[in-house]
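Encoded as structure tokens, the structure appears first; notes follow it.
Only the coordinates and a few stated rules stand behind these numbers; no lab work does. Predicted model only: the values in this text are computed from it and were never measured. Here Cβ is always computed from backbone atoms with ideal geometry, including for glycine, and neighbour counts include all displayed protein chains.
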There are 2 protein chains.
Amino acid sequence: MAVGRRQLRIDAAELETHIQTLGAVGALPEGGLYRPVYSQPWVDAMALLERWFAQAGLEVRHDAVGSLFGRATGRDTEDGVVLTGSHVDTVLRGGRYDGALGIHASLAALRSLLDAFGRPRRSIEVVALCEEEGSRFHCTFWGTRAMLGLIAPDEPDVLRDADGITIGAAMAQVGFDPAAIPSARRSDLAAFLELHIEQGPVLASAGLDLGIPHTITGQRQLAVTIHGRQDHAGTTPMDMRLDPLVAAARMIERITLAADSMGRPAVATVGRIEARPGAVNVVADSVRFTIDTRHSDALQRLALIQQIEAAIGEVAAAAGVKVSIERLIELEPVPLDGEIRSLLTSAARDEGLRYLEMPSGAGHDSQMMAQHLPTGMIFVPSREGRSHSPEEFTPIDQVVPGVRVLARALYELAYR
Amino acid sequence: MAVGRRQLRIDAAELETHIQTLGAVGALPEGGLYRPVYSQPWVDAMALLERWFAQAGLEVRHDAVGSLFGRATGRDTEDGVVLTGSHVDTVLRGGRYDGALGIHASLAALRSLLDAFGRPRRSIEVVALCEEEGSRFHCTFWGTRAMLGLIAPDEPDVLRDADGITIGAAMAQVGFDPAAIPSARRSDLAAFLELHIEQGPVLASAGLDLGIPHTITGQRQLAVTIHGRQDHAGTTPMDMRLDPLVAAARMIERITLAADSMGRPAVATVGRIEARPGAVNVVADSVRFTIDTRHSDALQRLALIQQIEAAIGEVAAAAGVKVSIERLIELEPVPLDGEIRSLLTSAARDEGLRYLEMPSGAGHDSQMMAQHLPTGMIFVPSREGRSHSPEEFTPIDQVVPGVRVLARALYELAYR
């Protein structure tokens, strides 16, 4: 039998206080936050969370890379740990919700369960993962990778920030020993649940309460270079040019059309473009632009990429320019666990919520976790789809339903 | 009666020697030339030309800004001076023909006339103009503007090169007094003739011998800024975006189409583009690109600009993005003198040449001169249309016909 509605009490006021209090740590004078891993704001944020975890009666510890755990040990310690949380670090000029909200929600959900039902059968741990964004070092999913044993031995000495400091040295500066990284590996995890803001406009614009992601979308990033012929902009008739920027413009139109016509959740984005030499009065010699294309379905993702690459080839051939395509990033879609999704959708229905099963267009710690243990995600709406921005906002009455669904799923996983 | 064909003897071997010898002055290790005004290569080039002018029996002098004149004084000094020549400075990594060829051609033409017909009625001066390109200082047409009294009093102290040196200080370093600039003004000029490489592919690709420009094309340069909305490239569905780069791509296509469909000599070029923030995985917030558009006909030029601006507005409205257009440069077309054009076309016919009356898509000293005195130009072909490049090349047998036409026109202007 599922949890009754009135049994779970989420302390919305405390949740909002936590959001705002942690949201002030790392605040920048120009607006927004910056809490890169192993910085002073990161240390301050972890200290604050440690205090809140302890106040909730949880057993608190850090692992070797600094991820913070608050544990409610279960009666049956042989049946693995149900882990829930998200990351504490932010992008530069980020907001108060990306990552942090998943920690706050996990703590609030666990407190409501402890209050209502006491000690769980399986142990539950709330986690503040030390690093996800890769903002300071190119070390994305650092905390999750440590837990999964996926940090390469040379990374502490190889990864450097913009000041040339290695991540190993940065760890040591705040009291963590890079030699101990292998000790962070966990073999006792039974499941991972992560609540996160959607980071897109789908839920907010449709007036939905919740998203239940079924897949972390697959992605390919490409760099396209077009070689035309540099010419004088005044003396070269239009009909005698090999203008790579005109070809690039047609390609961008076709790339956009390919994703448009495939429909959601297909996306294709050209976010960066450069024409060389880049003079007002010179027909460019070459143009380079990037494409970021994503789809949650493995076959559809490949079909979209094929359409895009074919369109690029057709435009280049028609324009008489040479083109080369370089692959920057290739990520297969990562499906989330089917049983956990069922728990989450049941919980959403029990709460009377309007939810959408949807892919996650953005990357999350869950995409690493899901490749190694049963993993599920919950999205709450993002106002106007804003994220990685000081404008990130989700009203507390749109956060609480997600916390309730998270608590119900934790109940199913850890109390039954 | 026109000059007989056999009366004019152009010394092609000496002409080629002059092209190659001056073409070695300012040669860069990586290929190409650089002779910015008042640099050591510029001083060396002027010294070489001074020697050649003197060897030809001309009276040699510099004016206050350093332009070099070689004069054959006429019998009738009351009837003004016929001036012919071009500029000695080059762009960075320029070639041996742009500018320099007009000086060589003028000297060769004048020598052939002096040899055949002796002293002219009107004085003829060959000029090596000190500066046209604006490569070191933003001082385009410096030599010509000095002759026309168009240098503003503050320019010597205001114009600075990349090292912060003022053009006045640079003049003083090579022995010219900026205070004397007003003395360079000429009131005795009756006509100006300039031979130049076409700098475009029209003559070479059509197998024509000569171009007789009727107009220096009018130009407008614009900067277009499009404001869309920055969004996450993974989480924002295609149908919910305000992507300024997609709008820019459509605008570039329409801009190109506008010039294409108007036909020669309409041109429109987007040579520079930037998307901000310019990240692979972020839908851009804004895009800025430039347009350089030219036409030799004043009304057609305005019609082309109107079409382009209308297309930009239509695309922006359809895409829901905001757009602003800033004017960078506005130049009306400058017609060249009709009587001198008649002299030049008659001369080309007398030489049995296939010539094209055409606009000049590039700017030249002649566009300044033509606004103050009767001015004409002669274009010789540029191999593959190359210019402002080490690849600039015109075979000597395609130079000589232009020199012969120049000589015939000088005869009509100065010997009759």
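With the cut-off at 1.5 for a/c, could you classify segment B:161-213 from its C-alpha gyration tensor as rounded, prolate or oblate?
Oblate, since a/c reaches 1.5 and b/c is not below a/b.
What net charge is computed for the residues neighbouring B:P374, neighbours being all others with C-beta under 9 Å from the C-beta of B:P374, Lys and Arg scored +1, Asp and Glu -1?
Residues near B:P374 contribute -2 overall.
Give the shape of segment B:218-331 as rounded, prolate or oblate, defined through the alpha-carbon gyration tensor: a ≥ b ≥ c are the square roots of its eigenvalues, a/c under 1.5 means rounded, and otherwise the shape is prolate if a/b is larger than b/c and oblate if not.
prolate
If neighbour count is taken as other Cβ atoms inside 10 Å, put B:E132, A:E50, A:E194 in order from fewest to most.
Ascending number of Cβ neighbours within 10 Å: A:E50, B:E132, A:E194.
Between B:A47 and A:A27, with labels modelled 7 Å along Cα→Cβ, what's the label distance in nm to one decimal, could you check?
My value for the distance between the label points is 6.9 nm.
Would you order B:L48, B:L343 from fewest to most other beta-carbon atoms within 10 Å of each residue's own beta-carbon?
Result, fewest neighbours first: B:L48, B:L343.
When chain B is treated as a GNM, springs tying every alpha-carbon pair under 10 Å, which of B:V282, B:V323, B:V43 comes out with the largest mean-square fluctuation?
Its mean-square fluctuation being the largest, the pick is B:V282.
Given R₀ = 22 Å, what would the calculated FRET efficiency be for A:I325 paired with A:S261, taking r from the Cβ atoms and rounding to 0.05?
The value I calculate is 0.60.
Using just the helices of the protein assembly as shown, give the 222 nm mean residue ellipticity in deg cm²/dmol: DSSP H runs with n ≥ 4 each add -39,500 (n - 2.57), and the total is spread over all residues, rounded to 500.
Values: 24 runs with 291 residues, N = 832.
So the helix-based figure for the protein assembly as shown works out to -11000 deg cm²/dmol.
Each residue of segment B:26-43 in turn: what ³J(HN,Hα) in whole Hz from Karplus with 6.51, -1.76, 1.60 and θ = phi - 60°, glycine and Pro shown as x?
Ordered by residue, 3J(HN,Hα) equals x, 4, 9, x, 7, x, x, 10, 8, 10, x, 4, 6, 8, 4, x, 5, 4 Hz.
Once you average over the residues of A:193-200, how many Cβ atoms of partner chains fall within 10 Å of each Cβ?
Working: counts 0, 0, 0, 0, 1, 2, 5, 7.
Mean shielding count: 2.
Name the shape class, rounded, prolate or oblate, that the alpha-carbon gyration tensor gives for segment B:133-243, where a ≥ b ≥ c are the square roots of its eigenvalues, rounded holds for a/c under 1.5, and otherwise prolate holds if a/b is larger than b/c and oblate otherwise.
It is oblate, given that a/c is not under 1.5 and a/b is not larger than b/c.
Hey, with R₀ at 25 Å, roughly what FRET efficiency would B:A116 and B:R354 work out to, going by the Cβ-Cβ distance, to 0.05?
So the FRET efficiency works out to roughly 0.50.
For label points placed 7 Å from Cα toward Cβ, what is the shortest-first list of nm distances from A:Q7 to its copies?
11.7
Nm distances between the label at A:Q173 and the same-position labels in the remaining copies, 7 Å along Cα→Cβ, shortest first?
Listed shortest first, these distances are 4.4 nm.
Inside 10 Å of the C-beta atoms of A:272-278, what's the mean count of C-beta atoms belonging to other chains? If you can, show how the numbers build up before the last one.
Working: counts 11, 10, 5, 7, 2, 2, 5.
Counting other chains' Cβ atoms within 10 Å and averaging over A:272-278 gives 6.
Whose amide H sits under 5 Å from the amide H of B:L195, counting only residues 5 or more places off or on another chain, with H placed in the peptide plane?
Under 5 Å from the amide H of B:L195 lie the amide H atoms of B:G85, B:I378, each far enough along the sequence or on another chain.
Magnitude of the Cβ-charge dipole of segment B:218-331, K/R +1 and D/E -1, about the Cα centre, nearest 20 debye?
160 debye
Taking 8 Å as the Cα distance limit and 6 or more residues as the minimum spacing, I'd like the relative contact order of chain A as a percentage.
22 percent
Using a 10 Å cut-off around each Cβ of peptide A:202-211, what is the average number of partner chain Cβ atoms that fall inside?
Details: counts 4, 0, 0, 2, 0, 0, 0, 0, 0, 0.
For this peptide, the per-residue mean of nearby foreign Cβ atoms is 1.
Relative to the other copies, what are the label-point distances for A:S342, with labels 7 Å from Cα along the C-beta vector, expressed in nm at one decimal and sorted shortest first?
Inter-copy label distances (nm, one decimal, shortest first): 9.8.
Among residues other than B:E14 whose Cβ falls under 14 Å from its Cβ, what is the net charge (Lys/Arg +1, Asp/Glu -1)?
0
Net charge near B:I181, counting Lys/Arg +1 and Asp/Glu -1 over other residues with Cβ under 12 Å of its Cβ?
Combined, the nearby Lys, Arg, Asp and Glu give -3.
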